[in-house]
Amino acid sequence: MTLSEIVKRAETIATDAHNGQFRRDGVVPYIEHPRTVVSRVGDNLDAQIVAWLHDVLEDCDVSEDELLKQGIPEKHVTAVRILTKTPGVSYDDYLECVASSELATQVKIADMISNLADNPSAKQLKKYGKGLERLTREL
């Protein structure tokens, strides 16, 4: 399977997984968020795959094994896992883990920018500001 085909597969998986979910406003279908994140990673097909899938492990009934069985390569599944928040892990430790992966970092920056463009609360502004500062430190 080519990377372009895997991008399409990731889009289908994300669309199916997020079916029936909505953004904070309760109106916009959730899949619009991954679509926006994909648009922010540019032409990098590896990042597009991860961008489509970045919330499926955390917010949907999808496992890493299912992604692998559906043809998503291990390096992409690993980046999605890195982007998945683990209960009990501090935000700082989470950011350090994300920063350890160039692919996860690229997608997380796009994710934060997308969230900042979506009427964020003061708490979210502070959180994403801190996150962007950390993730762009080495750029």
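Each reported figure results from applying straightforward, stated rules to the coordinates on display, with no laboratory input. Keep in mind that this is a model prediction, so the values were computed, not measured. Here the Cβ is made from the backbone with ideal geometry for all residues, glycine too, and neighbour counts use every protein chain on show.
The criterion of being touching a residue at least 60 places away in the same chain (Cβ under 8 Å), within 17 Å of TYR30 (Cβ to Cβ) and surrounded by 16 or more Cβ atoms within 10 Å (Cβ to Cβ) does not hold for VAL56.
Looking at region 72-109 only, could you name the residues that are over 15 Å from the mean Cα position of the chain (by Cα) and among the aliphatic types (A, V, I, L, M)? Hit for region 72-109 is VAL89, nothing else. Looking only at region 35-84, count every residue that is touching a Leu at 6+ places or on another chain (Cβ under 9 Å) and assigned to a helix (DSSP H, G or I) and tell me the total. Residues in region 35-84 being touching a Leu at 6+ places or on another chain (Cβ under 9 Å) and assigned to a helix (DSSP H, G or I): 22 in total.
Within region 5-21, the set of residues being without any contact (Cβ under 8 Å) to a residue 60 or more places away in the chain and surrounded by 13 or more Cβ atoms within 10 Å (Cβ to Cβ) comprises VAL7, LYS8, GLU11, ILE13, ALA14, THR15, ALA17, HIS18, GLN21. If only residues of region 119-139 that are part of a helix (DSSP H, G or I) and hydrophobic (A, V, I, L, M, F, W, C) are counted, the one that is farthest from ARG23 (Cα to Cα) is LEU135. Regarding LEU68, is this residue in contact with a Ser or Thr (Cβ under 7 Å, 6 or more places away or on another chain) and of a type outside the set (Val, Ile, Thr)? So LEU68 does not fit the description; no.
Cβ separations smaller than 9 Å between residues 6+ apart or across chains give the following pairs from region 88-109 residues that are touching a residue at least 60 places away in the same chain (Cβ under 8 Å) and farther than 18 Å from GLU58 by Cα to residues that are of a type in the set (Asp, Glu) and surrounded by 18 or more Cβ atoms within 10 Å (Cβ to Cβ): GLN106/ASP46.
One residue alone among ARG9, ARG23 is closer than 18 Å to ASN119 by Cα and out of contact with any Cys (no Cβ under 7 Å at 6 or more places or on another chain), and that residue is ARG23.
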